Every structure is written in C-alpha cells, then in structure tokens.
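No value in this document is a laboratory result; all are computed from the given coordinates. Only a predicted model underlies this, so the values are computations on that prediction, with no experimental measurement involved. Virtual Cβ from ideal backbone geometry, glycine too; neighbours counted across all protein chains shown.
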Amino acid sequence: MLKKIFKHNETYLFFVLVVFSIVITIINPSFLTFENFFDLIKSSAGMTILTMGVLIVLLSGGIDVSFTAIAIAGQYISANVLIASGIDNLYLAFLISCSSGIALGAINALLISIFELPTLITTLGTLNVFHGALLAFVGTKAINTAQLPNCFKLFGHKDLYTLMRADGTNYGLSVYVLPLIGVIILTWFILRFTMLGRGIYAIGGNKEAAKRAGINIVGIQFFIYCYVGFLAGIMGVMHISLIRYGNPMYIVGDELSVIAAVVLGGARITGGSGSILGTLLGVAMITILQKNLVLIGLSSYWHQFFIGLIIIAGVSTTYYRNKLISKRSIALISG
Amino acid sequence: MFGKHSKNIALFLIMAFIIALMSFFLPDKFLTVVNFQSMASQIPEFGLLAIAMMIALITGGIDLSVVSITSLTGVVSALILKQFTNTQIGGASIFFTITMAILAAIVLSMFCGFINGFLIANVGVPPILATLGTQGLFLGIAIIITHGHGISTFPEKFLFIGSGKISIIPMPLIIFIVCTLLVALILKKTSLGISMYMVGSNPIAARFSGINNDGILIRTYIITGLLAGVSSIIMISRVNSIRPGYGYAYLLQAILVGSIF
C-alpha cells in the first residue's frame, strides 16, 4: 500500500508543497491564515480553470497555446457587448464569452483534426490570428472601472462566506470557488466516467491504436479544443471581474506559465498520462510560490528565478526517477 | 513536384509574391536602399534566434529559453561595457572592453546552452520542459541583476556592430550571413551535423549505430545558446540598450519560422 503511494508523482509534489508551506509559515505566520488561503483561491481560480483545459489537451497528446488569446477575446467581446447594449447581466456575459470561446476552439479543432496539422504550430498561429483579429476588428481601447458594467464588479466582489477579522472588518471566501469547483468536477467526471474521457486517454497513448479500436478521433478532438475554448471563456469573465479593468493586451503571454503548472503536476507532454490531482498540486505550487515570496521577505525580482528553479527541480526529479527505473528494467531483462 | 526542395520553392514563391505585392503598392517606399538597409539590420537578431530554434528542432527538441539567454547575456555584456567605460581611459582600452563584453556574452551563452543540454541529455527531461524552466531561470537572473531596469548608452565604437555599415551593407547582416554559412557548414559537412539529423529522426537507431546521443544533444544546445548570444550582442548594439525581457515576442515567431523549414 505504502509502496504504491510512493510510486505516484503526486505524493512527491504533495510533500514538497507541505515542506514549502511549513518553511513559509515559520518565517511568516500570516501564511497559515484563512484570509491568505481565501485570497490564494480567489486569485488562482482563473488559472486553475485554464489548467483543466490544458490538462485535457496534453492528455490527448496535443498542446494548445492559443487559449490565452481565446480568453481575452471572450472577455473583451462580452464586456464590449454588455456596454454597447446596456444590458447588465452576468449570465449574458458568460454566454457570450463562452460561446465565442467555443467558436474559436472549433477553428483550432478544424485545423487540427480535418487538416491534420501539428497542434503546437497550429495553435501558435491561431494565438496570433485570434489576438490580432481582436485588436484589429474589435478594438484596442481599455475598459476602465467606471465603464465596466456593475454585474462584473458585483461578481468579483461577492463572497460566499464571510469571516470577521480581529479589528471588526470582514473578509470572505469568494464566489469564485463555485465555477472553480464546478469545472474541476466536470473535468473529473468526463475523464473518469465517460467514453469520451477514455477516448482522450486512448488518443494520447497511441493515436493509431485508438483509431483501429474504432474511436472517433475527429469528434473527440473537436470536443477537446472546444472545451478549452469554453473554459477560456469562463476564465476571461472571471479575470475582468477580479481586476475590474479590461485591456485586450492582458492574459496573452501567460500561456507558458499555465502549461508549466500542468506539467509540474506530472502530466506527460507526450500525452496519455496525467491527473487532475497532480495538476491542482502543480497550480498550488506555482501560486503559493508567486504570491508568497513576498511574505518571506524576498523582493519581487526573485519571482521569475524561483519559478524557473521550481519547474526545473520538479521535472528533473520526475524524469530522472523514470530514467533510473527504465535503466533498472533494462538491466533486469539483459540479466 | 520539385522533389525534396519543394518546400523551399514554395516558401520562395510566397516571398517573391509578397515582395511583388509590396513593390506594386508601395513602390516609392518599399523599393529603396534605406528600406532594405533598415530591414537588413532588423532581420539578423530575429533570424539568428530562428536558426537557433531550427537546430534544436532538427534534433527533435525545442528551445524555449533562447530569448531568456539573449536577455541574460545582453545584461551581462551591457554591465561590462558600462563598468569599463565609466572609468574612461580611451584608445586601446575601449577595444579591450568591447572584446571582453563580446567574449563574456559568448562564453555565458554557451554555458546557458550547456545547462539546457545537460538537463535534456543527462537528466532526461523533455526539451520543452527543460527549456521552459531555464527560460524562467535565465530571465530571472537577468531581472535580479538589473532589478528589472534597463541599461543604456554604450561606447560609440561598440554601436558599430549593430548600426555600422561596410559600404552599403549593414554590419548585422554580415554577421548573420557568416553565422548562417557556418551553421549550414556544420549541418551538411560535419559528422556532428549529420548525427544531429540522425538523433532527431530516430534516437534509438542513432544510439545503436554508435552515436553518442547525449554528447550530440549537449553540443546542439551549446550551439543554440551561442547563436542566441550572438543575437544579443547585435540587439544591444542596435538599440543601444537592454532590459530583461527584450525580444520576448520573437520567441513564438522563432518557433514558427524554425518549424516551417
């Protein structure tokens, strides 16, 4: 039993995370407070939602770098439509953002599945096309807080559950946990209990074998890239509500750190292997690192350096372990 | 239709089409010596990064850290240039400073490449992940050194590399052509180059035919780093300043260009 637990990548990640948290807490006890945790959850909710999409793409053996452009497109279009029409409704914002996300995802899927283009190159291209088209046809003007419809501000401000600080002011758990948990459960359910999820793993493991086994590869790829677009749409609305400011230049450029979180969580870049738990731990790791270096007294100049270091340390241990295991098994076979 | 060169011919036709289009619509602006000179001094820094990326792609890898290597080496050689010109003496010492700065950039960029190669070949990390990590690492070191600020105004003579001309040909273009020819020579005429193609197309077959895969990969990433370092020298000399994160937009374009070939 114990041996089985230690075989998992997640176990190592979890221990590193615990050690890391203990170190931060010793240096600065304000790390281990509800307030800090609520804050971490709220600020990382959008990124976590994106990682669920990236995880599914990686599982299928592909890679998607265009989701940031899809997210900003969804955000900017929905906010602009709401301002122009005067309708102050959050559900409409989500509807517009998610459907434009799905539409853009479908373009990716079309190029990847019908024309069989490599996923990295396709999405690199569409990243620039989507973002360029957004800037050229929709606009480049930033949306400031005064223009922003109230529904966004309320959504970003709303707490599900409030606690009181010692001085009598309130803080709380943001309503952001609802879409967050919803997306995690939905993704988990798809991967765990549906034929679709099995198909995603199968394509990532061996595309040819999956095809022979009668799996509808084109259909599944359409689902995958549309799902990424859908999640990016959700994230876009959450992002603008959080910072109460919309700029079409935001989000784009963060795609590699989102992918980094997923691969840190143990997802294989070659497909077929990875888990939701690992991904969540990877996100937790990067978020805690990003937000709490300041708590231990390091200036923000060190962020980039430490994130790079953690990624290298994380992937090195995983892959070095694999290398040793495969060496050992070769030695066993050749006797 | 044209055998193995069909891809190159297609690309050439597309380029000819774009040039024709440009000259047709903007004849008095596009077809001028000044415009071609300005393009020729901008292409090299990006072109070197794309070639660096191509080398990594040939071995079946990728190098996401090239732009971060440019930032780090650019910052270090900028500091050397600043340090020595502040205690101004003149004459021979300027050339000494410039040589030092260029040497530092070259050695450092090769060392950065070695770290990438070590992680990929000896630790066994997939290239995309190893260089994703070192991308943050190298850029992070550059940010720590300068606290995110820029460094600018270098000695007059150093600027010749980025904005000087020999008759009408801009200096960056000459450096670019020399580097491209050297890379072509390595790829086509040396055993290193041929081994790189073999490792890229089938690593297991390469190993069984007696190629030292690890050594080839390490050398590949050292060359990649070196090209990024050369690109950084041209870049800081052309714009006469450096800030960590300069040229980040080149990264994805370099992958795109590198993978078209």
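Tabulated values for the structure
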| item | result |
| --- | --- |
| Estimated dipole of chain B in Debye, rounded to 20 [Cβ of Lys and Arg +1, of Asp and Glu -1, Cα centre] | 280 debye |
| Order of A:Y161, A:Y301 under a 10 Å beta carbon neighbour criterion, fewest first | A:Y161, A:Y301 |
| Charge dipole (debye, nearest 20) of chain A; +1 at Cβ of Lys and Arg, -1 at Cβ of Asp and Glu | 1040 debye |
| Of A:G246, A:G132, A:G236, the one that fluctuates the most in a GNM where chain A has Cα springs shorter than 10 Å | A:G132 |
| Paramagnetic label zone (point 7 Å from Cα along Cα-to-C-beta, B:V123; backbone N under 14 Å) in segment A:246-271 | A:264 |
| Debye log10 I(q)/I(0) at q = 0.16, 0.19, 0.27 Å⁻¹ for segment B:146-208, Cα point scatterers | -0.73, -0.79, -1.06 |
| Among B:V199, B:L256, B:S231 the positive-end extreme of the charge dipole of segment B:45-260 (Cβ point charges) | B:S231 |
| For segment A:42-88 versus segment B:219-261, the gap between their alpha-carbon centres in whole angstrom | 30 Å |
| Residue-averaged [θ]222 nm for chain B, counting only DSSP H segments that reach four residues, each worth -39500 (n - 2.57) | -25000 deg cm²/dmol |
| Among the listed pairs A:K327/B:K189; A:K158/A:K291; B:K165/B:K189; B:K82/B:K157, those beyond 24 Å (Cα-Cα) | A:K327/B:K189; B:K165/B:K189 |
| Span-rule helices in chain A, defined as complete DSSP H runs reaching 30 Å or more along the axis (Cα) with Kyte mean at least 0.0 | A:34-59, A:217-243, A:303-334 |
| Peptide-level mean, for A:297-307, of C-beta atoms on other protein chains within 10 Å | 5 |
| FRET E, pair A:F37, B:D214, Förster distance 56 Å, beta-carbon r, rounded to 0.05 | 0.80 |
| Tensor-based shape of chain A (alpha-carbon gyration tensor, a/c under 1.5 rounded, otherwise prolate or oblate) | oblate |
| Mean projection area, nm², convex hull over Cα of chain B | 16.3 nm² |
| Candidates A:A79, A:A232, A:A210, ranked by Gaussian network fluctuation over chain A, Cα under 10 Å, top entry | A:A210 |
| Label-point separation, B:F24 to B:Y197 (7 Å along Cα→Cβ), nm | 3.7 nm |
| Evaluated over the protein assembly as shown, the Cα radius of gyration and Dmax, each in Å | 25.5, 79 |
